[in-house]
Amino acid sequence: MKPIPNDEDRLWGQHLFRDEPDADFTHEVMRKLDGMTMESAEDGNPFTKKASKSHWMRRTGIAATAVVILVGGAWFALDHTAKSTQPTVNAVNQRLPDIPVPEEVRAHYLTDDYKRLKPLGLVINPNIQIVDQGYTLKIRDVLVDRSQIIIITEQSNPEGSTIPVVYPDAGRIHVTDEKGNSVASMAIDTRLSSGTYQRFVFQLNDDIPDHVFVRGELSYLKIPDNYNVNTGEITASNTTVDWSFQFNIDMTKAKSLAVEAPMNNTYTTPEGLKLDMTQLVRTPNGTRLDMNISLDDQLRAKVGEDWAEDMDIMYHIEIPETNEYRIFNERRPNARQAKFRLRDMSRLSENNDGQMKLSETWDPAYVTVDAKKIRFILDGYTIPAREEKSVEVDLEKMRKDAEIYTYVLQFEQYGDEILFSDFNYKPVWESYDKNYSLVLEGAGTFRNAFNGDHWVAVDSKGKEYPVQVIGFPGQPNNNGEYVADNLKLVIRGFYKENGTKFTLKRTVVNREYRDVNWEVDLPSYASLPWQK
């Protein structure tokens, strides 16, 4: 058995402690809110190792009216009133068969996926039910196409109550060929999920056999601790079970019901990020675009080792024949996210070619599967490029000038602008220090991500003071900019006796680049086999 790449560990976090709205309600909202967008701060992404990363997590408008996510001090919510300046987006009205859908499928918002795949014989039921020490694991429905395998599991305790979580160190689920070689990588489904069940998505490799084998080695369970309200004691409920299983999937039909088109379109941005499109795959359940991403030496020197985890491309899709205009991975109104996403970072090491494979699979509800003319337009990208900018602050001059005219201290960096117009000394809320720290007040407009930035103040003696930023904006304007009308920078530990002069430094962690110019007409097809 070939080892599963270590970077899969971070993906298991998507299955932990979900608190979701009712599935049927949210599914209905999703069908009626086409064109609306909800954004949340990632990193803040639940799939990233460090919560402090400044990568954006963007969800589609599945439950936009029901959910607001707060992460890392910045909150993002649905803007019901924002009007896009882009062309009108027409919904794709694909009629799906009226067939019964299992509850566990509906709970994961996979209803449309199920209705597309079931009539084609691409939903299998391995009928797995394992009971060990009273703990039960069930696998009833597996959705399959040439691109992805979706596995839904249900766990329950001896009392019959659902166990919401199988911890990452529970073991692994492997998708292999008959010799045990891995033929799929764990991907991300960006849609919401139910806490009752767990959903695992695997993206299949370019070359797959006619039969693949799914092997599970789930053993360690993390049960929610029991809290006794009378005694105040917490009892740990961890346990160990044997939930080993294996089943095979005949992939011949799934492979026959797909269209694969190789691509060789390459573009390098002015800053040195190279995108190389390699393949377009059409299946009944979505269109998948594969590309490799790498950096030249100059850009590579500006980013950290984990740049591939946090970078993102921003683009839109145009389909003239159906008047579709879809914005992906941006902060603009109407922006969406690919249904399935894969970041394969196994080739990033120095011993390999330094490329990351990025795959984006678009839901047929947003990008028509049978469209013959699809144009990809790159709008920009974000990457954690660490570049420092500083400004000299003279509080005494600031105060004197303000007595004569309105004084503004300006800080500009890569399209971001902050205007400081006042300062005072205030206590740090969570500190018992009776001294008042310096607070700079003003307003700012941000084109780049801001929740992962690092700020520091340095006095004339070289002493550094941490800076806390308060007042990040909640919603972007139509240009994708965040405007903070009430921004405060708290210089922690900088008191009146520390003087009136210091240097304010900001290191941009997640930089947004828009100086791109790349359009690609994606491959067409002669026929789609599932329509015959």
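Any residue in the stretch 107-114 that is out of contact with any strand residue (DSSP E or B) (no Cβ under 7 Å at 6 or more places or on another chain), at pLDDT 90 or above, more than 19 Å from Phe340 (Cα to Cα) and not in a loop (DSSP other than H, G, I, E, B)? No. Residues that are touching a Pro at 6+ places or on another chain (Cβ under 7 Å) and among the polar types (S, T, N, Q) were ranked within the stretch 231-277; the one that is surrounded by the fewest Cβ atoms within 10 Å (Cβ to Cβ) is Ser256. Restricting the stretch 370-382 to residues that are in a strand (DSSP E or B) and among the aliphatic types (A, V, I, L, M), the residue that is surrounded by the most Cβ atoms within 10 Å (Cβ to Cβ) is Leu378. Hey, among the residues in the stretch 128-139 that are in a strand (DSSP E or B) and among the polar types (S, T, N, Q), which one's modelled with the highest pLDDT? So, considering only residues that are in a strand (DSSP E or B) and among the polar types (S, T, N, Q), the one modelled with the highest pLDDT is Gln129. Against the definition (within 30 Å of Phe411 (Cα to Cα) and of a type in the set (Phe, Trp, Tyr)), how does Tyr366 come out, yes or no? Judged against the criteria, Tyr366 is not a match.
If you go through the stretch 318-369 and keep only what is open to solvent by 30 Å² or more (accessible area, probe 1.4 Å), of a type in the set (Asp, Glu) and closer than 23 Å to Ala184 by Cβ, you end up with Asp344, Asp353.
The values are calculated or read from the model by the stated rules, or taken from the named source; none is laboratory data. Predicted model only: the values in this text are computed from it and were never measured. Because the Cβ atoms are built from the backbone with ideal geometry, glycine has one as well, and the counts that use them run over all protein chains shown. These area figures cover heavy atoms from the full protein model, side chains too; ligands, DNA and RNA do not enter into them. Shrake-Rupley method; radii C 1.70, N 1.55, O 1.52, S 1.80 Å.
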